[in-house]
Amino acid sequence: MKLITAIIKPFKLDEVREALSAVGVQGVTVTEVKGFGRQKGHTELYRGAEYVVDFLPKVKVEAAISDELVERAIEAVESSARTGKIGDGKIFVYDLEQVVRIRTGETGKEAL
Amino acid sequence: MRKWILAAASAVTLALSALAPVVSLAQAQAPAATEQKKDAAPAAEAAKAPEAAAAAAPAPTPNKGDVAWMLTSTALVLCMSVPALALFYGGLVRAKNMLSVLMQVFMVFSLITVLWAVYGYSLAFTEGSGWLSPFVGGLDRLFLGGTFTPATGEFSPASTFSKATPLPELVYVAFQATFAAITCCLILGATVERIKFSAVLIAITIWFTISYLPVAHMVWYWPGPDGYTSDKVADAMVAKAGLLNGWGALDYAGGTVVHINSGVAGLVGAMLLGKRIGLGREPMPPHSLTMTMIGASLLWFGWFGFNAGSALEANGMASLAFMNTYLATACAVLSWVFAEWMIKGKPSMLGAASGAVAGLVAITPAAGNVGIPGAFVIGLAVGPICLWGVTGLKKLIAKDDALDVFGVHAVGGITGALLTGIFNAQSLGGPGVTNYVTMKPDAYPGILAQLWIQAKAVGIVFAWTAISAFIAFKIADLLVGLRVAEEEEREGLDTTYHGETAYNL
């Protein structure tokens with residue numbers, strides 16, 4: 001099993017969610033985060049005080065996925081989150097050791 | 001040490017609470033000794049003067065329209081402190097300090113109101129005696145004694161700017177109370193995010209007593225127009241007035257008394273406090289410019305009471321003061337924002353809100369003292385001037401006047417006070433200065449002469465408040481310490497000093 005973490009532009013969230021649903025991924029966890037890579041921040045001005053804000057708002061999408069679906073899930077996120085401009089984000093893939101469904105106690109692939 | 005101070009403060013409060021009704025009641029039984037009666041009865045001349053015949057006529061009663069307007073204005077000025085100023089300042093600080101700002105404003109407002117009723121009004125707006133009288137009043141109106149006589153149902157009168165046109169004195173007491181209170185609240189903007197709550201209460205009480213009261217007396221106290229019965233008597237009348245008032249300084253609603261007074265005091269407080277931890281390195285942008293905009297808008301709304309209410313009557317002068325206030329503010333919004341747009345590249349909401357406040361500050365001494373042309377010039381000029389005050393000048397001064405009390409209120413107040421001297425001239429559309437013997441507006445001494453009077457008044461107030469603020473903050477420092485501990489400043493004053501969080505999201 002794998003855990004996919006995707007950092008995407010916030011307005012892409014709905015498209016990414018739908019694309020993941022379409023390939024069979026049932027559940028995701030979403031967090032609001034801040035970050036930067038190559039995308040430039042902006043300057044804010046409050047009277048005489050100037051602030052250079054490097055951090056940009058992003059959304060982190062996490063999904064636990066069975067091995068057969070991983071390739072298609074990555075491809076789904078990639079194509080739905082892409083705008084072609086700097087700041088589109090990244091996808092990280094982690095090995096997932098164990099998954100438990102709290103309600104039933106199921107583990108492993110059945111819990112996904 | 002702190003326990004003893006708290007114990008002493010509680011004891012004083014309890015004593016005052018017990019004493020106040022007793023003293024007020026005792027004074028209410030005595031016949032009211034009002035300003036009007038004192039001035040209208042100097043020994044020999046009154047008997048010969050023509051108003052001996054008038055003395056037989058019934059005393060003039062307050063005009064219902066005037067009273068209604070003044071009560072309304074008072075409520076408007078209250079609104080300027082709570083919630084307007086509280087929100088304006090509150091939105092500019094970090095979220096962890098929001099409640100501390102709201103609390104300081106709310107408490108200072110209430111505290112000054114009480115002190116005003118106890119001794120403030122008396123020391124500011126009675127004549128005073130001997131060599132002190134140009135600087136401060138007396139104790140005739142301690143606990144507001146004499147303003148209402150239960151036995152007769154009589155309300156003592158206060159003067160307006162027209163003869164035989166009194167207000168009930170209590171209306172004037174209330175109106176001026178809101179001025180004293182907001183002046184003290186303005187100072188708080190310089191010291192936010194790092195000053196101890198107890199230090200605020202102590203320093204403001206002292207500053208109110210040794211700076212606000214004398215300055216208000218010097219600029220605004222006069223015996224009223226009814227005593228100006230002839231040229232011979234006029235000089236005696238002028239001699240009874242506060243020092244700067246007697247010189248002919250023009251300050252309609254408080255350019256010196258409120259804005260320069262508080263602006264300089266705030267800067268002194270900021271100097272003694274030191275700068276906030278992390279200033280210049282850590283980001284500390286305003287946590288809610290939405291709140292700041294609401295505050296600025298309510299300030300604009302309430303300021304109509306502040307300026308147009310200072311006409312003391314519901315008449316043409318009030319309308320002029322109203323329109324000047326409205327127009328100058330709008331001009332200042334535009335001039336600040338356009339200047340900012342050109343220099344910094346973007347027009348900002350904070351710039352617009354600050355421009356509005358700067359315009360309101362500058363038109364304060366001018367409201368009933370200039371005409372429409374003056375309002376245009378003052379409003380358009382103060383935008384860029386105060387923009388410099390909060391940027392270039394602030395860098396030069398290099399102190400952490402956190403919310404720019406000096407840059408907006410002192411700089412704007414000085415700008416307005418000086419331009420008032422110029423644009424009062426009838427040749428520049430102004431109403432001129434009234435000769436209270438003839439009631440004709442022909443007493444303006446000329447532009448340069450009036451400008452010099454304004455400059456002297458500005459200089460004296462500047463020095464007086466600087467010294468007073470130094471004393472007030474130093475005493476607070478010695479008693480309780482001015483500044484919070486570093487960990488408390490990092491965590492935020494709301495939780496550490498008030499046990500509350502503003503936003504439980």
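Computed from the coordinates by the stated procedures, all read-outs in this text should not be read as laboratory data. What you see is a predicted model, and the numbers here were worked out from it, not measured in a lab. We place every Cβ from the backbone using ideal geometry, glycine too, and count neighbours over all the protein chains shown.
Things to note:
- Under Stokes-Einstein, with the Kirkwood radius over Cα pairs as Rh, the value for the range B:164-206 at 4 °C and 1.567 mPa s is 105 µm²/s.
- Pairs of Lys residues in chain A are counted when their Cα atoms are under 23 angstrom apart and they lie 8 or more places apart or on different chains; the count is 29.
- Average Cα contact separation per residue, the range A:38-112, under 8 Å, 6 or more apart, as relative contact order %: 23
- Under the simplified labelling scheme, the A:GLU75-B:ALA7 pair shows an inter-label distance of 8.2 nm, with each label point 7 Å from Cα along Cα→Cβ.
- The range B:429-476 and the range B:155-180 have Cα centres separated by 21 Å.
- This ranking places B:ILE260, B:ILE204 by how few other beta-carbon atoms lie within 10 Å of each, fewest first, which gives B:ILE204, B:ILE260.
- To the nearest ten degrees, helix B:261-273 and the longest principal axis of the Cα atoms of chain B are 30 degrees apart.
- Folded to 0 to 90 degrees: helix B:2-29 orientation relative to chain B principal axis, Cα: 20
- Once C-alpha pairs closer than 8 Å and six or more residues apart are averaged by separation and normalised to the residue number of chain B, the relative contact order reads 21 percent.
- Among B:120-128, B:309-317, the order from most to least packed when residues are scored by Cβ within 10 Å on average: B:120-128, B:309-317
- Part-to-part distance (alpha-carbon centres) for the range B:378-417 and the range A:13-87, which is given in Å: 44
- Listed from fewest to most Cβ neighbours within 10 Å, the set B:PHE88, B:PHE197, B:PHE462 follows the order B:PHE197, B:PHE462, B:PHE88.
- Sorted by Cβ density within 10 Å, fewest first, the residues A:PHE92, B:PHE473: A:PHE92, B:PHE473
- Peptide A:39-51 - average C-beta neighbours from other chains (10 Å radius): 6
- Degrees, to the nearest 10: B:64-79 long Cα axis against longest axis of chain B: 20
- Peptide B:342-350, shielding by other chains (average Cβ, 10 Å cutoff): 2
- Eligible aspartates and glutamates near B:LYS3 by straight Cα distance, threshold 19 Å, same-chain separation 8 or greater: B:ASP477
- Normalised contact order of the range B:310-424, rounded percent, pairs of Cα under 8 Å and 6 or more residues apart: 31
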